[in-house]
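Single-structure report; data block below.
The values are calculated or read from the model by the stated rules, or taken from the named source; none is laboratory data. Every value quoted in this text rests on a predicted model; they were computed, and no experiment measured them. All Cβ positions, glycine included, derive from the backbone under ideal geometry; neighbour counts span all protein chains shown. Ligands, DNA and RNA are excluded from the accessible area calculation, which covers all protein heavy atoms including side chains. Shrake-Rupley method; radii C 1.70, N 1.55, O 1.52, S 1.80 Å.
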Amino acid sequence: MTAVNPTSEQQQILDLGLDTIRVSAGAGTGKTTTVAMLIANLVNHHGMDPENVLGITFTNKAASELADRVRSYLGPDIGPGREVEVHTYHGFAGQILSEFGLLAGLDRRPEVITPTFARQILGEAFSNSDFEHIDITWAGRIIRIKHLGDRLGDHLLEPSDLADPANAREAPWPERLEMLEILKTYQRTKRELSVVDYSDLITLSTRLVRESSEIAGTIRDRYKVVVLDEYQDTNPAQRVLLTSIFGGGFPVVAVGDIDQTIYEWRGASAENFENFTTHFSRPDASPPHTRELTGNYRSGQRILD
């Protein structure tokens with residue numbers, strides 16, 4: 001078991017126990033260490049079973065590092081096979097589809113296609129269409145169309161959700177409407193092939209839990225706390241997925257820093273972290289606790305100065 005002495009700021013978080021908390025953690029303040037310590041503290045001192053803890057972070061590397069850190073903090077007293085469940089945000093959504101995907105018209109374990117395969121499907125849809133407004137000579141046209149589709153997914157929208165605007169003849173709508181038709185073909189082709197892309201993982205799983213309180217409840221009942229790392233990089237759809245399952249007083253801990261939002265270019269919304277206290281509540285329905293990590297332990301004195 002790795003012995004770690006928490007800082008005074010970390011100890012203030014640990015002392016809150018099982019509760020809903022927003023932790024604002026600046027650069028170099030030990031976010032991963034704090035998340036791992038918090039999980040271990042709940043297991044070691046608050047009667048939590050490891051398998052009832054859900055940790056979610058942003059990348060596969062971060063998920064692996066968090067799982068390893070938690071494992072080292074829990075120590076050998078925890079029996080074999082009793083692990084804290086750690087996923088990426090997309091991995092958690094994918095697990096929901098794997099289990100309940102039949103209800104969304106998918107195979108039980110839908111295949112997640114690579115970005116290259118996604119562009120190939122889009123390219124075929126593009127090649128089989130006629131255009132008046134899209135510049136077919138521009139090499140970046142497929143990426144631009146895919147970008148539009150991803151941004152729709154970030155807000156839980158389908159191409160058909162965008163009705164023809166009143167100013168449909170004014171730029172950029174003539175081109176955009178043609179792009180939406182390509183995206184409709186792209187969506188149909190994915191359904192025919194029984195595949196999903198990364199955006200679909202979030203939109204389809206969110207649709208499932210929003211339409212079925214029974215599914216949301218089944219997932220919710222598996223855990224007693226969820227810890228959200230790098231929460232500032234989630235998009236609106238991911239936030240709705242999480243609130244649909246864990247809203248209404250479930251213990252949720254979100255760790256992040258709006259100054260470190262690096263994925264805004266692909267839909268991340270710093271407002272998710274800023275508005276955490278309105279999206280989630282404590283078990284007694286009061287607003288979440290807010291704590292800060294301000295001490296930088298990564299940078300040298302020159303950088304700090």
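Odds and ends about this structure:
- Within region 193-206, the only residue that satisfies the criterion of being surrounded by fewer than 18 Cβ atoms within 10 Å (Cβ to Cβ) and either in a strand (DSSP E or B) or aliphatic (A, V, I, L, M) (or both) is LEU193.
- Residue within region 178-192 that is on the phi > 0 side of the Ramachandran plot and open to solvent by less than 60 Å² (accessible area, probe 1.4 Å) present: no
- When region 178-206 is filtered for residues that are over 24 Å from ILE136 (Cα atoms) and under 22 Å from the mean Cα position of the chain (by Cα), the ones remaining, listed by number, are VAL195, VAL196, ASP197, TYR198, SER199, ASP200, LEU201, ILE202, THR203, LEU204, SER205, THR206.
- For region 168-192, a residue qualifies if it is of a type in the set (A, V, I, L, M) and assigned to a helix (DSSP H, G or I), and the qualifying residues are LEU177, MET179, LEU180, ILE182, LEU183.
- Qualifying residues in region 271-305 (those that are at pLDDT below 95 and of a type in the set (Val, Ile, Thr)) - the one farthest from the chain's Cα centre (by Cα): ILE303
- At least 1 residues being buried (at least 16 other Cβ atoms within 10 Å of the Cβ), among the hydrophobic types (A, V, I, L, M, F, W, C) and in contact with a His (Cβ under 9 Å, 6 or more places away or on another chain) is the threshold, and among the helices (runs of 4 or more DSSP H) wholly inside region 1-80 those reaching it are 8-14, 60-74.
- Test: residue in region 123-146 that is of a type in the set (Asp, Glu) and closer than 16 Å to ARG188 by Cα: yes
- Region 139-182, residues that are under 29 Å from THR243 (Cα atoms) and touching a residue at least 60 places away in the same chain (Cβ under 8 Å): ASP150, ARG151, GLY153, ASP154, HIS155, LEU156
- Per-region count, region 155-167, residues part of a helix (DSSP H, G or I), open to solvent by 30 Å² or more (accessible area, probe 1.4 Å) and not polar (S, T, N, Q): 1
- Candidate set from region 101-154 (those that are among the aromatic types (Phe, Trp, Tyr) and farther than 30 Å from ARG210 by Cβ); member that is surrounded by the most Cβ atoms within 10 Å (Cβ to Cβ): PHE126
- Within region 57-71, the set of residues being in contact (Cβ under 8 Å) with a residue 24 or more places away in the chain and either of a type in the set (Lys, Arg) or touching a Phe, Trp or Tyr at 6+ places or on another chain (Cβ under 7 Å) (or both) comprises PHE58, ARG69.
- Any pair with Cβ under 9 angstrom, 6 or more apart, that starts in region 127-138 at a residue that is closer than 12 Å to MET179 by Cα and ends at one that is modelled with pLDDT of 80 or more and of a type in the set (Ser, Thr, Tyr): SER129/THR185
- Condition broken by THR218, with the remaining ones in (1) out of contact with any strand residue (DSSP E or B) (no Cβ under 9 Å at 6 or more places or on another chain); (2) modelled with pLDDT under 95; (3) over 26 Å from ASP161 (Cβ atoms); (4) not small (Gly, Ala, Ser) satisfied: (2)
- For first residues located in region 89-113 and over 15 Å from LEU242 (Cβ atoms) and basic (Lys, Arg), partners that are at pLDDT 80 or above and surrounded by 14 or more Cβ atoms within 10 Å (Cβ to Cβ) and lie 6+ apart or on another chain with Cβ distances below 8 Å form the pairs ARG108/SER98; ARG108/GLU99; ARG108/GLY101; ARG109/SER98; ARG109/GLY101.
- Failed item, numbered, when VAL112 is tested on (1) touching a Gly at 6+ places or on another chain (Cβ under 7 Å); (2) closer than 28 Å to ASN275 by Cα: (2)
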